[in-house]
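One structure is given here, and the rest of the page talks about it.
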Amino acid sequence: MKFKSRITTMTVLLVTAAMSQTGAGQQLCEDRMDSSATDAASNACLLIGGGLLAGESEYLSEDLSTGIPMIHLNYGGFFWETTEIGFFLLGGVQENLYWGMAALLELPPNGFEAKGEAHLAGLDDRDATLEAGLMLAGGGNWGDVEIEINVDVENEHEGSEVSAGYSFPLNFGNFTVAPGVTMRLRDEKNSNYYYGVKDSEANDTGRPAYKVDEATLSIGFGYSMEYVLGSKWMLFHSLDVISLDDAIADSPLTVNDESELLSFGVAYRVF
């Protein structure tokens, strides 16, 4: 079993997104979805680590290159994945099948800082906003599925989004590779906040006013890899390529119609 780690802000916000399929600690930690566990301490696991992330964002004209943090904590039904915390309300394990439903708070990989990019000059920053929601997860020999439904709780855009992912881990001793696909559906308010241009932000140098007046759907694919070194250390690597909805790709705020993120790192099991 696993939960997907996220690393999130225009650098740190994009960062956890790149690790959305790493399944941090799949072999070092045996994740738990049973919120009724009475011996949580015996199943506790904490991984800390970091690495490098490179690639391109839809907002940035130059390639992204930055360091990334990683935290992965399980304690009974509670979990913490760098920019996401949650608690499993329901869940169970039967032979090779598992399922769970969790309440969560998350800082997703949204937004940008206007400084440093000519085409974003004069804009208000689009800040990532705290979101609350539910996560449904399940899997077995056929792979792992995760669905999240989140709403903005800071009233930045008052919108919502639904994300889903499927991965199929292939285990070869200490080495695991997991190809996967993802989708992200943003409602109109969410999409327009992050990719729209207000009348007051338009200029005569190629940035017209722009309104995203529909929900947007972006599709991604990629893979994650893990290699366990002994009982305490793990190397990880992931690649994510996300094809953006046309309404996002056509925005004056974006310079790429897809984002590509490549990460490498190392993690250590504290307990």
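Laid out as a table, the results:
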{"quantity": "Subset tally (residues that are in contact with a Phe, Trp or Tyr (Cβ under 9 Å, 6 or more places away or on another chain) and under 28 Å from residue 51 (Cβ atoms)) for segment 212-243", "calculated": "17"}
{"quantity": "Unique residue being touching a Phe, Trp or Tyr at 6+ places or on another chain (Cβ under 7 Å) and either modelled with pLDDT of 90 or more or farther than 23 Å from residue 174 by Cβ (or both) when the list is 86, 55, 76, 50", "calculated": "86"}
{"quantity": "In segment 66-96, the residues that are crowded, with 16+ Cβ neighbours inside 10 Å, among the polar types (S, T, N, Q) and outside any strand (DSSP E or B)", "calculated": "83"}
{"quantity": "Test: residue in segment 18-41 that is out of contact with any strand residue (DSSP E or B) (no Cβ under 6 Å at 6 or more places or on another chain), farther than 22 Å from residue 169 by Cβ and at pLDDT 50 or above", "calculated": "yes"}
{"quantity": "Residue 53 in a strand (DSSP E or B) and within 16 Å of the chain's Cα centre (by Cα)", "calculated": "yes"}
{"quantity": "Pair list, Cβ under 6 Å, 6 or more apart: segment 249-260 residue basic (Lys, Arg), other residue assigned to a strand (DSSP E or B) and surrounded by fewer than 16 Cβ atoms within 10 Å (Cβ to Cβ)", "calculated": "none"}
{"quantity": "Residue, nearest to residue 252 (Cα to Cα), within segment 121-135, restricted to residues that are within 15 Å of the chain's Cα centre (by Cα) and surrounded by fewer than 16 Cβ atoms within 10 Å (Cβ to Cβ)", "calculated": "130"}
{"quantity": "Qualifying positions in segment 172-187 - touching a residue at least 60 places away in the same chain (Cβ under 8 Å) and either outside any loop (DSSP other than H, G, I, E, B) or under 16 Å from residue 111 (Cα atoms) (or both)", "calculated": "176, 178, 180, 182"}
{"quantity": "Flag if residue 144 is more than 21 Å from the chain's Cα centre (by Cα) and either in a strand (DSSP E or B) or of a type in the set (Asp, Glu) (or both)", "calculated": "no"}
{"quantity": "Some residue of segment 62-71 being modelled with pLDDT of 90 or more and under 17 Å from residue 271 (Cα atoms)", "calculated": "yes"}
{"quantity": "Output for segment 155-177, where each listed residue is surrounded by fewer than 16 Cβ atoms within 10 Å (Cβ to Cβ), under 19 Å from the mean Cα position of the chain (by Cα) and aromatic (Phe, Trp, Tyr)", "calculated": "168"}
{"quantity": "Some residue of segment 107-126 being within 20 Å of residue 218 (Cβ to Cβ) and among the acidic types (Asp, Glu)", "calculated": "no"}
{"quantity": "Residue that is farthest from the chain's Cα centre (by Cα), among those in segment 188-206 that are outside any helix (DSSP H, G or I) and surrounded by fewer than 18 Cβ atoms within 10 Å (Cβ to Cβ)", "calculated": "204"}
{"quantity": "Selection count where residues are within 22 Å of residue 194 (Cβ to Cβ) and either of a type in the set (Asp, Glu) or exposed (fewer than 15 other Cβ atoms within 10 Å of the Cβ) (or both), scope segment 222-240", "calculated": "1"}
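The values are calculated or read from the model by the stated rules, or taken from the named source; none is laboratory data. Bear in mind the structure is a predicted one, so any value in this text is a computation, not a measurement. For neighbour counting, all protein chains shown are included, and Cβ atoms are generated from backbone atoms with ideal geometry for every residue, glycine included.
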